[in-house]
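Colleague: First the structure, which I've put down as structure tokens, then a few questions once you've had a look.
The values are calculated or read from the model by the stated rules, or taken from the named source; none is laboratory data. Keep in mind that what you see is a predicted model, and the values were worked out from it rather than measured. Ideal geometry is used to build each Cβ from the backbone, glycine not excepted, and the neighbour counts take in all protein chains shown.
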Amino acid sequence: MTQRQLGEYLGMEPNLASARMTQYEKGQHAPNFQLLRRLSEALDVPIPYLFCEDETVAELILELDKLSPTERQKLLEQLKARKTSDDD
């Protein structure tokens, strides 16, 4: 999908879509939350993924998004327990 196609999919005017998406990508403009939500849906990624600068953290977010709420809670508890045992 090109930037123009993505912009149009998000509801932008066809003649402005590519330029606007480039501005978002370069940090010249910041999209509002509604646009971020639509962008995450279009790209099939969770919203926090869009803010990741670290590739490993981005991958973790994608994997966490695949887990059920129960599985996430269990993993969180395991991570917290690991941290506590490392402090001893």
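Colleague: Going by the structure shown, is residue 42 in a helix (DSSP H, G or I), at pLDDT below 95, more than 30 Å from residue 5 (Cα to Cα) and among the hydrophobic types (A, V, I, L, M, F, W, C)?
Modeller: No: the conditions fail for residue 42.
Colleague: Right, another one. Condition first: outside any loop (DSSP other than H, G, I, E, B) and surrounded by 14 or more Cβ atoms within 10 Å (Cβ to Cβ). Now tell me which residues in region 49-59 satisfy that. Before the answer, list the steps.
Modeller: Within region 49-59, the first condition is being outside any loop (DSSP other than H, G, I, E, B), and the residues that meet it are 49-51, 55-59.
Hits for region 49-59 are 49, 50, 58.
Colleague: Let me ask something else about it. Looking at region 45-87 only, could you name the residues that are within 30 Å of residue 2 (Cβ to Cβ) and hydrophobic (A, V, I, L, M, F, W, C)?
Modeller: Answer for region 45-87, where residues must be within 30 Å of residue 2 (Cβ to Cβ) and hydrophobic (A, V, I, L, M, F, W, C): 45, 47, 50, 51, 52, 57, 58, 60, 61, 62, 64.
Colleague: State the number of residues belonging to region 32-81 that are among the charged types (D, E, K, R) and touching a residue at least 24 places away in the same chain (Cβ under 8 Å).
Modeller: Number of matching residues: 1.
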